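Below is one structure, written out as structure tokens; the observations come after it.
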Amino acid sequence: MRALTVTPGKKDSLRLSQDFSEPDEREGALLVEAVAVGVCGTDREIIAADYGEAPPGEEVLVLGHESLGRVVEDPTGQFEFGDLVAGIVRHPDPVPCANCAAGEWDMCRNGQYTEHGIKGLDGFARDRWRIEPEHAVKLDRSLGMLGVLLEPTSVVAKAWELIDRFTERDPWEPANVLVTGAGPIGLLAALLGRQRGLEVHVLDRATDGPKPQLTHDLGATYHSKPLGDLGFTPDLVLECTGAPSLVFGVMDAVGPCGVVCLTGVSTGGHQIPVDGGALNRALVLENNVVFGSVNANARHWKAGADALAGANKKWLNRLITRRVPVDDYAEAYAVRDGDIKVVVEFATS
Ligand SMILES: [Zn+2]
């Protein structure tokens with residue numbers, strides 16, 4: 001069968017194997033036929049050999065952590081033939097730490113977790129894959145190919161769950177949210193903000209391309225201007241760029257009792273001037289919360305599946321700006337102007 005593989009540690013080793021071995025039954029009872037995988041920055045980092053770890057004893061790693069497939073067989077009876085599923089990316093560490101032991105592997109404390117297509121477990125970019133049924137999430141069949149958006153949606157579902165916990169500490173109810181960055185994570189964060197009934201603002205550098213209209217069609221407001229010129233005070237911020245100046249800028253801009261969730265990963269090495277004393281003063285005197293959020297557990301994957309099922313399908317479809325057949329895989333992993341989410345297709349949905 002076909003599989004997209006990399007040799008971790010070796011730059012630009014991405015290739016399409018035509019005779020990759022069928023998934024081992026030890027990988028899980030559920031056998032799934034791949035429909036598509038989504039492409040994201042982490043994949044490009046793995047291809048650049050900045051990241052990535054093959055399964056123990058293997059030289060290559062099957063790429064792909066944003067999955068969509070159809071169930072071929074489930075001897076446990078939890079899924080039916082043809083069900084649309086996505087595989088949960090992270091598996092708990094073997095120790096396990098207190099959080100992994102409770103199924104909250106997204107909060108793993110010892111870093112010994114494994115991740116499909118990233119760290120120690122083969123990914124989903126292969127014609128067939130296996131997973132344990134409890135690590136698969138069922139998607140509404142009407143979503144079709146759009147189900148490939150579940151992994152990034154699970155990440156924002158977790159971010160929103162944590163924001164909710166922090167806003168429950170006081171009687172005040174936030175009315176608006178600022179989302180910085182209109183990539184897939186930012187636009188999906190904006191979608192979930194609208195589903196919560198919030199006034200949503202999206203800030204991004206792009207002045208053309210699909211992002212302004214996608215934001216507008218959510219019933220949200222698009223801004224392409226400096227943070228200081230927004231003209232309102234954000235109650236909540238979902239930072240999805242990792243750009244250091246924006247990260248510190250939104251901490252300063254958020255209003256009293258406001259919450260800032262950081263989801264973007266900075267590359268490091270960029271020095272920017274920050275008045276640490278003034279920032280501390282603003283955070284303390286306004287009871288602000290600033291927190292980081294990564295990954296997702298089963299509860300967030302299910303919340304993400306519900307969010308997608310409740311979203312406008314035509315809008316979701318516009319997030320997928322390119323669909324590339326797996327045989328043309330190199331094109332899928334190249335960066336192109338106007339890309340939001342690119343998917344690699346294995347089969348028709
Ligand atoms: Zn752990």
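Residues are listed down the side, and each one gets a yes or a no for (1) more than 12 Å from Asp122 (Cα to Cα); (2) over 18 Å from the mean Cα position of the chain (by Cα); (3) without any contact (Cβ under 8 Å) to a residue 40 or more places away in the chain:
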| position | (1), (2), (3) |
| --- | --- |
| Leu16 | yes, yes, no |
| Glu53 | no, yes, no |
| His65 | no, no, no |
| Val72 | yes, yes, no |
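Taking only pairs six or more apart or across chains, which ones have beta-carbon atoms under 8 Å, a first residue in segment 82-99 that is without any contact (Cβ under 8 Å) to a residue 60 or more places away in the chain and within 8 Å of the ligand (Cβ to nearest atom), and a second residue that is assigned to a strand (DSSP E or B) and among the β-branched types (Val, Ile, Thr)? Close Cβ pairs (under 8 Å, with a partner that is assigned to a strand (DSSP E or B) and among the β-branched types (Val, Ile, Thr)) amount to Asp93/Thr114. Restricting attention to segment 116-133, the residues that are within 16 Å of the ligand (Cβ to nearest atom) and more than 13 Å from Glu27 (Cα to Cα) add up to 2.
What residue, among those in segment 70-91 that are open to solvent by 50 Å² or more (accessible area, probe 1.4 Å) and in a loop (DSSP other than H, G, I, E, B), is nearest to Ala136 (Cα to Cα)? Of everything passing the filter in segment 70-91, Gln78 is nearest to Ala136 (Cα to Cα). Checked against the criterion of being out of contact with any strand residue (DSSP E or B) (no Cβ under 7 Å at 6 or more places or on another chain) and closer than 30 Å to Leu16 by Cβ, the candidates Glu73, Glu58 yield just one match: Glu58. Of the residues in segment 134-141, at least one is closer than 17 Å to Glu66 by Cβ and within 16 Å of the ligand (Cβ to nearest atom). Counting only strands (runs of 3 or more DSSP E) that sit completely within segment 121-180, those holding 1 or more residues that are more than 25 Å from Leu227 (Cα to Cα) and open to solvent by 10 Å² or more (accessible area, probe 1.4 Å) correspond to 128-131, 136-139. Entry remark, segment 248-267: residues being surrounded by 21 or more Cβ atoms within 10 Å (Cβ to Cβ) and part of a helix (DSSP H, G or I) number 1 in total.
The values are calculated or read from the model by the stated rules, or taken from the named source; none is laboratory data. As the structure is a computational prediction, the values presented were derived from the model and not from experiment. All Cβ positions, even for glycine, are placed from backbone atoms using ideal geometry, and neighbour counts span all protein chains on display. We work out accessible area using only protein heavy atoms, side chains counted, and drop any ligands, DNA or RNA first. Shrake-Rupley method; radii C 1.70, N 1.55, O 1.52, S 1.80 Å.
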